[in-house]
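Q: Shown below is the structure under consideration.
The values are calculated or read from the model by the stated rules, or taken from the named source; none is laboratory data. It should be emphasised that the depicted structure is a prediction, and the values quoted were computed from it without experimental measurement. Positions of Cβ are backbone-derived with ideal geometry, glycine not excepted, and every protein chain shown enters the neighbour counts. Side chains included, ligands, DNA and RNA excluded: accessible areas come from the protein's heavy atoms. Shrake-Rupley method; radii C 1.70, N 1.55, O 1.52, S 1.80 Å.
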Amino acid sequence: MKLGWDSEHELFRSELVSFLQTHAPPEALGGRDLIGTDTGDIPQWARRWQAELFDNGWMVPAYPPELGGRDADPLECLIYAEELGRRGIPRSVHFGGYAIVGPSLLEFGSEDQKAMAPAAIRGDTIWCVGMSEPDAGSDLANLSTSAVSDGDSFVVNGQKVWTSYALHAEQCFCYVRTDPDAPRHKGISVLTVAMDTPGVTVRPLRHITGSAEFAEVFFDDVLVPVENLVGELHGGWRITMGSLAHERGGLWVDGVASAERAISDLVELSISLGRGSDPVLRRQLTELYVEVQSLRALGYKGFASFAQGSSAPEHSYMKLASSELRQRLYETGMDIQGSFGSITDDAVAVEAGRWQHSWQVSLAATIGGGTSEIQRNVVASRVLGLPRG
Amino acid sequence: MDFSLTPEQEMLRDTASALFSREFPSSLVRDACYDPVTGGASAAEAAFDRHLRPWISMGDESVVDQCLFMEEAGAAITTAPLWSSSALALPVLRAVNHPDADRVADGSLTATVALAGSAGEWRANGDVLKVLVTDFGLVDIVVFVDADGESVDSGGEAHVWVVPAGDLQARVVENMDLARPLAEVTRRPPGDDQPLTITEGDLGSVLERATVVLAAEMVGTARWLKETTIEYVSTREQFGKPVGSFQGLQWKLVDASLELEKAGAAVYYAAMCIDADDPDRHRATHVAKSAAGATARRWAKDAMQAHGGIGYTWEHDLHLYLRRANAADRLLGDSAWHMEQLALDLFQSQGQRV
Ligand SMILES: Cc1cc2nc3c(=O)[nH]c(=O)nc-3n(C[C@H](O)[C@H](O)[C@H](O)COP(=O)(O)OP(=O)(O)OC[C@H]3O[C@@H](n4cnc5c(N)ncnc54)[C@H](O)[C@@H]3O)c2cc1C
């Protein structure tokens, strides 16, 4: 155990930092926690920024240059996540394309599909990920959108819901049931579906914040060429969630970094509101600080096992802990404002209502991508080895 | 301590419950405030005129009765100056024998109070700009409570006068709860209205009523969240069974329910104390407000979590309640403020004993 990394890796860091300092657009700075989780549209600056990262090998550093990377090793990937996280700089405002679709196409796709990956990672093609359905949320294997093959095409019927970015997407990475008679996990396949195919209808849904970030997607006798099958027929269950294997060791950094940023902002906020010597508040913030710092240490500890190729149970805790912590941090940001804690008015509210907004956004963090209850179930069975109920 | 309701009180509660569920569907507040449509605001106004104006006089009744009524109000999200007129302004006007009090009580004038200054405390102060003025934009008159630029210590006095809302310079300040607007209002001299005086002690007592009634409203808000959640998790199935059958959810809901039950009881205890002018009324008010605020906020979060994705949508009513719970908790003193008052009181009497 030692603090800090070797000079070779620190060189990587300084190269990255100077790139960020000279290239990051002003819109990407400032650590507003809404970016990436609450944008109703995909702004031009974000499209340009993603492409710029890709072209300079800074989009997914573990990948080779033709995929937007620079063959970085796991530690370099961690450093990358640290530096972006520390500055609150998003790579992309839509994670589906680079974090889920691109990697899955590369791992499971045909040659033609692999060729679609660079555009997905660069953000030239906007993808949505169609997993959840009205009756298949936590229980994804219950999905019922059907795809029936007639030889040349699949005929797709059904509905997806809460599909992020569906309103803007050109392609959907769509989980469908291809064998209704097989055991639940064995009858699922993945298709790529062009969103402009006749029979695809998108009905926007708004978040509680009012932004139309997600949507319902309806499939009504949609004809999808058989070549659009990703991986094996009925083998879709394997293709679940982000396959950024190289980055898995460092994905937690973002949550911890934004929590660290929030703490120092909260301290500043307390002082600026004249509450810097309020003992109750000081205690609350120091308790949060202790949590963030120990969580951070846990993340690095997990990274050590990850880098040595063993599984890191620590990582199963990270999403659970950091999403719940984030909610508490933002709520504290509202509470510090006392009577004015519910004021959202741009012109009057502290930091234009940042804390109120971020808190509302953070409420989704314990639901999307597997609820906190499901995370706890996963830890119980996979980490603690408890028997299943 | 007898928590049993008289037949009249049961009837009052049932009447209120039926009234709010029948006449105040969430579409009313959505059309008026959340997704405004033409005619939306006037429909909400008409519903208030027809169904709620007659109830403003509850501010002259016992606090327990008013709490029973307002708990039902809290289970529906309305955009109406009901609490402001009946629990806040009317008692202030009564306390100073203001001639407008009768017209507020009989429903012909709606009113709110401008009191909090830049510090956001509901205490008499001399600030020219009054903030957190509830329901401004929905009311006919504003009751100013002001200390003429001097700070009012215990035993001090404040002035009370009324100005028609239309004569005031004001700015609506957006808050999370779009259905209960807040405004900044610039103090205007009394004009024709002769200022009356109120001692700080009396003002405090009057505000206790408003505080406990607001707490009752929050209990109603929490109760809606609880009932809606229990109903949802009992029918929503995942993994082949209702999600409410998973203990991971059950225990969360049990703990939150315990909190709600305690808060509800604390609110009616405080209401009884105020009605009886019991010496415990001050502490009981702080307990009621902080407990009710905490339970409403907790239920908002837990309800969201238990609903999963569907609860995170604008289309679902949950966020209307989430917004109301979080805004109401911060009116008339947030939890931290009430705790602080309690601490002062607890440690002061401890000091005397020693
Ligand atoms: C902002 C946002 C963006 C999203 N984007 C996408 C997207 O792009 N693509 C996509 O496919 N989906 C997306 N989703 C959907 C998300 O994946 C689901 O909401 C999530 O998986 C939960 O499913 P559900 O909403 O059906 O909740 P349910 O599964 O119905 O859960 C309801 C409640 O029951 C609990 N519960 C369920 N099962 C258990 C259990 N076994 N033990 C204990 N408790 C349990 C849950 O924790 C929750 O509290 C998004 C959701 C949100 C909020």
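Q: Identify the residue in segment A:46-80 that is in a loop (DSSP other than H, G, I, E, B) and without any contact (Cβ under 8 Å) to a residue 40 or more places away in the chain and, among all such residues, is most open to solvent (accessible area, probe 1.4 Å). If you could, list the steps in order and put the result at the bottom.
A: Restricting attention to segment A:46-80, the residues satisfying the condition of being in a loop (DSSP other than H, G, I, E, B) are A:56-64, A:68-73.
Now drop any that are not without any contact (Cβ under 8 Å) to a residue 40 or more places away in the chain, which leaves A:56-57, A:61, A:64, A:69-71, A:73.
On the way: A:56: 66, A:57: 6, A:61: 0, A:64: 34, A:69: 3, A:70: 72, A:71: 99, A:73: 51 Å².
Per the stated criteria, the residue is A:71.
Q: Looking only at segment B:163-193, how many residues end up being out of contact with any Asp or Glu (no Cβ under 9 Å at 6 or more places or on another chain) and within 13 Å of chain A (Cβ to nearest Cβ)?
A: Of the residues in segment B:163-193, 5 are out of contact with any Asp or Glu (no Cβ under 9 Å at 6 or more places or on another chain) and within 13 Å of chain A (Cβ to nearest Cβ).
Q: So which residues in segment A:140-163 are within 6 Å of the ligand (Cβ to nearest atom) and open to solvent by less than 40 Å² (accessible area, probe 1.4 Å)? Write out each step before concluding.
A: Going residue by residue through segment A:140-163, those that are within 6 Å of the ligand (Cβ to nearest atom) are A:162-163.
The answer is A:163, and nothing else.
Q: Within 16 Å of the ligand (Cβ to nearest atom), part of a helix (DSSP H, G or I) and more than 14 Å from chain A (Cβ to nearest Cβ): does that describe residue B:256? So that I can check it myself, show each step before the final result.
A: Working: within 16 Å of the ligand (Cβ to nearest atom): yes; part of a helix (DSSP H, G or I): yes; more than 14 Å from chain A (Cβ to nearest Cβ): yes.
Yes; evaluated as a whole, the condition is true for this residue.
Q: If we scan segment A:81-91, do we find a residue that is within 16 Å of the ligand (Cβ to nearest atom) and open to solvent by 30 Å² or more (accessible area, probe 1.4 Å)?
A: Taking segment A:81-91 and keeping what is within 16 Å of the ligand (Cβ to nearest atom), we get A:90.
So of that shortlist, the ones also open to solvent by 30 Å² or more (accessible area, probe 1.4 Å) come out as none.
Looking through segment A:81-91, none of the residues is within 16 Å of the ligand (Cβ to nearest atom) and open to solvent by 30 Å² or more (accessible area, probe 1.4 Å).
Q: Right, another one. Taking segment B:312-336 on its own, how many of its residues are surrounded by fewer than 23 Cβ atoms within 10 Å (Cβ to Cβ), more than 7 Å from every other protein chain (Cβ to nearest Cβ) and farther than 22 Å from residue B:30 by Cβ?
A: 1
Q: Then there is this: If I filter segment B:91-99 for residues that are open to solvent by 50 Å² or more (accessible area, probe 1.4 Å), touching a residue at least 40 places away in the same chain (Cβ under 8 Å) and under 18 Å from residue B:220 (Cα atoms), do I get at least one hit?
A: no
Q: Kindly provide the set of residues from segment A:324-358 that are among the aromatic types (Phe, Trp, Tyr) and within 16 Å of residue B:293 (Cβ to Cβ), ordered by number. Before you say what the answer is, go through the steps one by one.
A: Going residue by residue through segment A:324-358, those that are among the aromatic types (Phe, Trp, Tyr) are A:330, A:340, A:355.
Passing the criteria: only A:340.
Q: Still on this structure, I have one more. Hey, among the residues in segment A:164-180 that are within 15 Å of the ligand (Cβ to nearest atom) and polar (S, T, N, Q), which one's farthest from the other protein chains (Cβ to nearest Cβ)?
A: It comes out as A:171.
Q: Does residue B:228 satisfy the criteria of being surrounded by fewer than 24 Cβ atoms within 10 Å (Cβ to Cβ), in contact (Cβ under 8 Å) with a residue 12 or more places away in the chain, hydroxyl-bearing (Ser, Thr, Tyr) and farther than 24 Å from residue B:314 by Cα? Don't jump to the end; show me each part of the working.
A: Working: surrounded by fewer than 24 Cβ atoms within 10 Å (Cβ to Cβ): yes; in contact (Cβ under 8 Å) with a residue 12 or more places away in the chain: yes; hydroxyl-bearing (Ser, Thr, Tyr): yes; farther than 24 Å from residue B:314 by Cα: no.
Spelling it out, it is not the case that residue B:228 is surrounded by fewer than 24 Cβ atoms within 10 Å (Cβ to Cβ), in contact (Cβ under 8 Å) with a residue 12 or more places away in the chain, hydroxyl-bearing (Ser, Thr, Tyr) and farther than 24 Å from residue B:314 by Cα.
Q: Here's a follow-up. Looking at the structure I just gave you, is residue B:206 closer than 14 Å to residue B:115 by Cβ and in a strand (DSSP E or B)? Break it down stepwise before answering.
A: Details: closer than 14 Å to residue B:115 by Cβ: yes; in a strand (DSSP E or B): no.
Spelling it out, it is not the case that residue B:206 is closer than 14 Å to residue B:115 by Cβ and in a strand (DSSP E or B).
Q: Continuing with this model, one more query. On the basis of being more than 30 Å from residue A:288 (Cβ to Cβ), open to solvent by 50 Å² or more (accessible area, probe 1.4 Å) and assigned to a loop (DSSP other than H, G, I, E, B), does residue A:185 make the cut?
A: Values: more than 30 Å from residue A:288 (Cβ to Cβ): yes; open to solvent by 50 Å² or more (accessible area, probe 1.4 Å): yes; assigned to a loop (DSSP other than H, G, I, E, B): no.
Here the answer is no, as residue A:185 does not meet what is asked.
Q: Output the residue which, of all residues in segment A:208-244 that are under 22 Å from the mean Cα position of the chain (by Cα) and at pLDDT 95 or above, is farthest from the ligand (Cβ to nearest atom). So that I can check it myself, show each step before the final result.
A: Within segment A:208-244, the subset under 22 Å from the mean Cα position of the chain (by Cα) is A:208-217, A:230, A:236-244.
The next check asks that each one be at pLDDT 95 or above; those that pass are A:208, A:215-217, A:230.
Numbers: A:208: 9, A:215: 9, A:216: 11, A:217: 9, A:230: 15 Å.
Among residues in segment A:208-244 that are under 22 Å from the mean Cα position of the chain (by Cα) and at pLDDT 95 or above, the one farthest from the ligand (Cβ to nearest atom) is A:230.
Q: A follow-up question, please. I'd like to verify a number: residues in segment A:340-371 that are at the interface with chain B (Cβ under 7 Å from one of its Cβ atoms) and either surrounded by 21 or more Cβ atoms within 10 Å (Cβ to Cβ) or within 16 Å of the ligand (Cβ to nearest atom) (or both), how many? Before you say what the answer is, go through the steps one by one.
A: Quick first cut of segment A:340-371, residues at the interface with chain B (Cβ under 7 Å from one of its Cβ atoms) only: A:340-345, A:348, A:356, A:363-364, A:366-367, A:371.
Those left that are additionally either surrounded by 21 or more Cβ atoms within 10 Å (Cβ to Cβ) or within 16 Å of the ligand (Cβ to nearest atom) (or both): A:340-344, A:356, A:363-364, A:366-367, A:371.
Total satisfying the criteria: 11.
Q: May I pose another question? Please go through segment B:294-322 and give me each residue that is of a type in the set (Val, Ile, Thr) and within 14 Å of the ligand (Cβ to nearest atom), ordered by number. Show your work before the answer.
A: Here is the first cut: in segment B:294-322, the residues of a type in the set (Val, Ile, Thr) are B:295, B:310, B:313.
B:310, B:313, listed by residue number.
Q: Given the criterion without any contact (Cβ under 8 Å) to a residue 12 or more places away in the chain, in a helix (DSSP H, G or I) and away from the ligand (no atom under 16 Å from the Cβ), identify the matching residue among A:294, A:311. Explain how you work it out, then say what you get.
A: On the way: A:311 fails: in a helix (DSSP H, G or I).
Within the list A:294, A:311, the selection yields A:294.
Q: Looking at (1) within 14 Å of the chain's Cα centre (by Cα); (2) within 14 Å of chain A (Cβ to nearest Cβ); (3) among the polar types (S, T, N, Q), which is the one condition that is false for residue B:118?
A: The one condition residue B:118 does not meet is (1).
Q: Output the number of residues of segment A:97-126 satisfying the condition of being surrounded by 24 or more Cβ atoms within 10 Å (Cβ to Cβ) and in a loop (DSSP other than H, G, I, E, B).
A: Matching residues across segment A:97-126 total 1.
Q: Continuing with the same structure: Only one residue in A:135, A:150, A:112 is among the charged types (D, E, K, R) and either under 20 Å from the mean Cα position of the chain (by Cα) or closer than 22 Å to residue A:202 by Cβ (or both). Which one? Full working, then the answer.
A: On the way: A:150 fails: either under 20 Å from the mean Cα position of the chain (by Cα) or closer than 22 Å to residue A:202 by Cβ (or both); A:112 fails: either under 20 Å from the mean Cα position of the chain (by Cα) or closer than 22 Å to residue A:202 by Cβ (or both).
Just a single option satisfies the conditions, and that option is A:135.
Q: Also: Here's a check for you: in segment B:231-253, which residue that is touching a Pro at 6+ places or on another chain (Cβ under 7 Å) and open to solvent by 50 Å² or more (accessible area, probe 1.4 Å) is nearest to the other protein chains (Cβ to nearest Cβ)? It would help to see each step written out before you state the result.
A: If we filter segment B:231-253 for residues that are touching a Pro at 6+ places or on another chain (Cβ under 7 Å), which is where we start, we get B:233-236.
Keeping just the survivors that are open to solvent by 50 Å² or more (accessible area, probe 1.4 Å) gives B:234-235.
Details: B:234: 16, B:235: 12 Å.
Top of the filtered list is B:235.
Q: So, of the residues in segment B:170-204 that are open to solvent by 40 Å² or more (accessible area, probe 1.4 Å) and under 16 Å from residue B:98 (Cβ atoms), which turns out to be nearest to the chain's Cα centre (by Cα)?
A: B:202
Q: Of the conditions (1) away from the ligand (no atom under 16 Å from the Cβ); (2) part of a strand (DSSP E or B), residue A:196 satisfies every one except a single condition; which number is it?
A: For residue A:196, the failing item is (2).
Q: Can you confirm whether residue B:84 is buried (at least 24 other Cβ atoms within 10 Å of the Cβ), out of contact with any Lys or Arg (no Cβ under 7 Å at 6 or more places or on another chain) and over 22 Å from residue B:277 (Cα atoms)? Step through it out loud before you land on a result.
A: Working: buried (at least 24 other Cβ atoms within 10 Å of the Cβ): yes; out of contact with any Lys or Arg (no Cβ under 7 Å at 6 or more places or on another chain): yes; over 22 Å from residue B:277 (Cα atoms): yes.
Judged against the criteria, residue B:84 is a match.
Q: Please tell me if residue A:251 is aliphatic (A, V, I, L, M) and touching a helix residue (DSSP H, G or I) at 6+ places or on another chain (Cβ under 8 Å).
A: Yes: the conditions hold for residue A:251.
Q: Is at least one residue of segment B:292-301 away from chain A (no Cβ under 14 Å) and buried (at least 17 other Cβ atoms within 10 Å of the Cβ)? Let's see the steps before the verdict.
A: Pass one, segment B:292-301, residues away from chain A (no Cβ under 14 Å): B:292, B:295.
Now restrict to residues that are buried (at least 17 other Cβ atoms within 10 Å of the Cβ): B:292, B:295.
Yes, some residue in segment B:292-301 is away from chain A (no Cβ under 14 Å) and buried (at least 17 other Cβ atoms within 10 Å of the Cβ).
Q: Need a quick list: helices (runs of 4 or more DSSP H) entirely within segment B:1-70 having at least 3 residues that are in contact with a Pro (Cβ under 7 Å, 6 or more places away or on another chain) and acidic (Asp, Glu). Please lay out each step first, then the result.
A: Values: elements: B:7-23, B:26-29, B:40-47.
No helices (runs of 4 or more DSSP H) qualify here.
Q: The conditions are (1) of a type outside the set (Asp, Glu); (2) touching a Ser or Thr at 6+ places or on another chain (Cβ under 7 Å); (3) within 16 Å of the ligand (Cβ to nearest atom); (4) over 25 Å from residue A:371 (Cα atoms), and residue A:120 fails exactly one of them. Which is it?
A: It is condition (2) that residue A:120 fails.
Q: So, residue A:263, is that one β-branched (Val, Ile, Thr) and surrounded by 16 or more Cβ atoms within 10 Å (Cβ to Cβ) or not? Let's see the steps before the verdict.
A: Working: β-branched (Val, Ile, Thr): yes; surrounded by 16 or more Cβ atoms within 10 Å (Cβ to Cβ): yes.
Yes; evaluated as a whole, the condition is true for this residue.
Q: Now for a different question. Given the conditions (1) among the aliphatic types (A, V, I, L, M); (2) modelled with pLDDT of 90 or more; (3) within 16 Å of the ligand (Cβ to nearest atom), and given that residue A:378 satisfies all but one, which numbered condition is not satisfied?
A: If we test residue A:378 against (1) among the aliphatic types (A, V, I, L, M); (2) modelled with pLDDT of 90 or more; (3) within 16 Å of the ligand (Cβ to nearest atom), just (2) comes out false.
Q: Somewhere in segment A:290-298, is a residue buried (at least 20 other Cβ atoms within 10 Å of the Cβ), among the β-branched types (Val, Ile, Thr) and more than 22 Å from residue B:322 (Cβ to Cβ)?
A: Within segment A:290-298, one or more residues are buried (at least 20 other Cβ atoms within 10 Å of the Cβ), among the β-branched types (Val, Ile, Thr) and more than 22 Å from residue B:322 (Cβ to Cβ).
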